[in-house]
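**Student:** One structure, pasted below without further comment.
The values are calculated or read from the model by the stated rules, or taken from the named source; none is laboratory data. If you're wondering where the values come from, they're calculated on a predicted model, not measured in any experiment. Every residue, glycine as well, gets a Cβ built from its backbone with ideal geometry; the counts of neighbours run over all protein chains shown.
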Amino acid sequence: MPTTSDTKKADADLNEDVSLLKEDLAALRNDLQSIFGDLKGYAGAQAKEGLEKGKVFAKEAGEQFESSRADIQEHIREKPLAAVGIAFGVGVLIALLGRK
């Protein structure tokens, strides 16, 4: 049968273990908060970089579209009958495909 001193020693050991566990949990909580803070900062930086790349891509696409539009208009002005013929042919082709 355990004696009173053994019980007190076991209680003291248990209390010490619980205190150490609480300290470890507090340290773990702080580490996790730090990690999530770093992760949040990294994700924000990546999102900002992606947004900037998207803006550059959209600007380049708009410039390319304007350049293509200008080229098409120039070809139409140079050869208007050919442009009308091509437009007519494309229209007929779309109509034929639409029937089926």
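**Student:** Tell me whether segment 72-95 contains one or more residues that are part of a helix (DSSP H, G or I), on the phi < 0 side of the Ramachandran plot and either of a type in the set (S, T, N, Q) or touching a residue at least 24 places away in the same chain (Cβ under 8 Å) (or both).
**Tutor:** yes
**Student:** Answer yes or no as to whether Leu97 is modelled with pLDDT under 95, over 21 Å from the mean Cα position of the chain (by Cα) and surrounded by 10 or more Cβ atoms within 10 Å (Cβ to Cβ).
**Tutor:** no
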